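Below is one structure, written out as structure tokens; the observations come after it.
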Amino acid sequence: LEGDGGAAAGGKERREIKGAEEKIQALKHLRDVTAKDSKNLLVEHLEETPPLMSNSGMASRIKHYYRSKTDQPPPTIPADALADGKPVGLDPQQESPFFDDLPEGNQSYVSALENNMLRHPIAKHQPAETDFLVIQKGDKYYLRPINSIYCAGQCHPFLRVPAPNSKEREKYQKRHLSNYIHGRLNKNGTLLRHEVFEEFSTTSETAIRKQLKECAQFIREGSEGGHWILKDGYKMPEDVADEADTPDMVCLHESLQAGHMRLRNMGVKTLHRGDDVTAAVTEITKDTKIDS
């Protein structure tokens, strides 16, 4: 689970108005993430494919940003908005937390949904009285009200999504694959080859086989054509065991996979650096001038 969503850019926050409770209670199990017995807040994104998205169970905060002035009182933020998030006053010299500046006026403020990875400007809407949520859990159904509904604008990412073939991506894949194989063998004792290929369908077969041979031994027995067991005395490499993948890091690499898949679905199979494309266009321009 994530911690605090971070402070406003350019300096410390001013807390001039009391808002929603800041503490976020950590959830121990995925089954605890449910809408059947909690306050429900819905957010709809304007962007069809946001560059970053949080996973289930990760925490975010709502903050209401405004310009604080010594000669003017803070803006009057509606009680229902204060129940969702906390106000944050910024000094005139502090940078805006968004791409554009905060609006002028002593009653102006902009709400934001943010965490360690990103920030979205959001606008609150009034849910229709006829709308409600139906939550299914097993064979039971729960009717819940929609307490708040927001529309989220353009994503302001704080972290960079790695490139498809970068060293950062290769290290993450190796670490993720090693942890999966080692964890499954420690827990179950055996691992079938197709189980790894199904779990890491986007990883090359060569990389999977190489990682399996490093930590496991293949036994040619059984109805499945053989299985893998952990090598005697095998220990996880220090670069894998000492570096844990944070939830934010997992989201970055999942965003990379999603973006790469979208490009492949559009028929884009080869990626080029921007400077390489510029050089190619320059050469084409020179050739055109020579031909003319």
Item to check | Length gained when the stretch Leu133-Leu192 is fully extended (0.36 nm per residue, less Cα-Cα span) | outcome: 17.1 nm
Item to check | Area of Met249 that stays accessible when all protein chains are in place (1.4 Å probe, Å², to 10) | outcome: 50 Å²
Checklist outcome for this item: Rounded to one decimal in nm, the spacing of the 7 Å Cα→Cβ label points at Glu283 and Gln257 is 3.6 nm
Checklist entry - For the range 85-234, what does the alpha-carbon gyration tensor say about shape, rounded, prolate or oblate, given a ≥ b ≥ c as the root eigenvalues, a/c under 1.5 as rounded, and a/b over b/c as prolate? => result oblate
Checklist entry - Once you sort the root eigenvalues of the Cα gyration tensor of the range 127-170 as a ≥ b ≥ c, which label holds: rounded (a/c under 1.5), prolate (a/b larger than b/c) or oblate (the other case)? => result oblate
Checklist entry - GluC sites (Glu not before Pro), restricted to the range 141-227: which are DSSP loop and have at most 15 other Cβ atoms within 10 Å? => result Glu221, Glu224
Checklist outcome for this item: To the nearest 0.05, the calculated FRET efficiency linking Ser166 and Ala35 through their beta-carbon distance, R0 being 51 Å, is 0.85
Checklist outcome for this item: Here FRET efficiency (C-beta to C-beta, Ile146 to Asn265, R₀ 35 Å, nearest 0.05) is 0.60
Item to check | Peptide ranges 152-158, 111-117, 36-42 listed from the most packed, as the mean C-beta count within 10 angstrom indicates | outcome: 111-117, 152-158, 36-42
Checklist entry - What nm distance separates the two modelled labels at Asn179 and Ile219, each placed 7 Å from Cα along Cα→Cβ? => result 2.7 nm
Checklist entry - Farthest toward the dipole's positive end in the range 159-209, which of Thr202, His182, Pro162, given Cβ charges of +1 (Lys, Arg) and -1 (Asp, Glu) about the Cα centre? => result Pro162
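The values are calculated or read from the model by the stated rules, or taken from the named source; none is laboratory data. The structure displayed is predicted, hence computed values, not measured ones. Neighbour counts are summed over all protein chains in view; Cβ atoms, including those assigned to glycine, are modelled from backbone coordinates with ideal geometry. SASA here: full protein model, heavy atoms, side chains in, ligands and nucleic acids out. Shrake-Rupley method; radii C 1.70, N 1.55, O 1.52, S 1.80 Å.
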